[in-house]
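The values are calculated or read from the model by the stated rules, or taken from the named source; none is laboratory data. In this text the structure is predicted, and so the values were computed from the model without any measurement. For neighbour counting, all protein chains shown are included, and Cβ atoms are generated from backbone atoms with ideal geometry for every residue, glycine included.
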Amino acid sequence: MSSPGSPTAHPSRRLVVGLAVAAAAGATVLVMSASADAAPESDSQGYLESTARCASPATAVIFGSTETSRVAICEQADGSYQYRGVRVRDGARLVLPATPSGDGYVAFNDGQSYTVTPDSLVVSVGDDVVREEELIDVHESSTGVTSTPATTTTPTTTSTTPTSTTPLPPPLPAEVGGG
């Protein structure tokens with residue numbers, strides 16, 4: 001009698017054994033790629049070595065990552081809020097004042113709004129959603145997100161912060177993305 005993987009085994013048995021080996025190899029590749037895409041190390045302040053991190057004495061009320069971004073909402077010592085975001089592919093950073101809105105927080109920059117909720121990051125221009133990304137790694141503080149009625153008005157003023165022509169420094173280790 002021949003074993004299932006031997007050359008004299010029935011062709012359909014060799015196919016089944018071959019498929020089982022291929023499936024096991026595929027599962028190994030999936031496990032390896034999942035760990036390669038894992039979120040960077042974090043603590044209660046946000047992601048270590050990232051712009052998406054609150055500096056003491058500020059505290060992170062929520063922080064998380066999407067497939068393309070990492071964000072943190074920080075409560076400052078004076079009770080104000082700050083949006084801290086980074087685009088993973090190139091390390092582009094954005095730090096803006098934020099305000100509670102609905103079940104999350106919103107920050108405005110040159111006509112765009114960045115809304116962070118426990119579920120998503122939504123980038124909008126006026127009422128038009130440019131991009132909505134699911135938060136796949138989300139951390140909320142014990143105080144959680146304040147429930148404040150959402151405002152539907154968009155500020156009519158533009159950012160008073162001048163746009164810098166100085167190039168950004170290289171991305172921090174936790175902000176380096178894939179090509």
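A few notes on this one:
- The residues of the range 88-106 that are closer than 15 Å to GLY64 by Cβ, buried (at least 17 other Cβ atoms within 10 Å of the Cβ) and either modelled with pLDDT of 95 or more or not hydrophobic (A, V, I, L, M, F, W, C) (or both), listed by number, are ALA98, GLY104, TYR105.
- The range 38-60 residues that are within 13 Å of TYR81 (Cα to Cα), paired with ones that are outside any strand (DSSP E or B) and among the small types (Gly, Ala, Ser) (beta carbon under 7 Å, 6 or more apart): PRO57/ALA77; ALA58/ALA77; THR59/SER141; ALA60/SER44; ALA60/SER141
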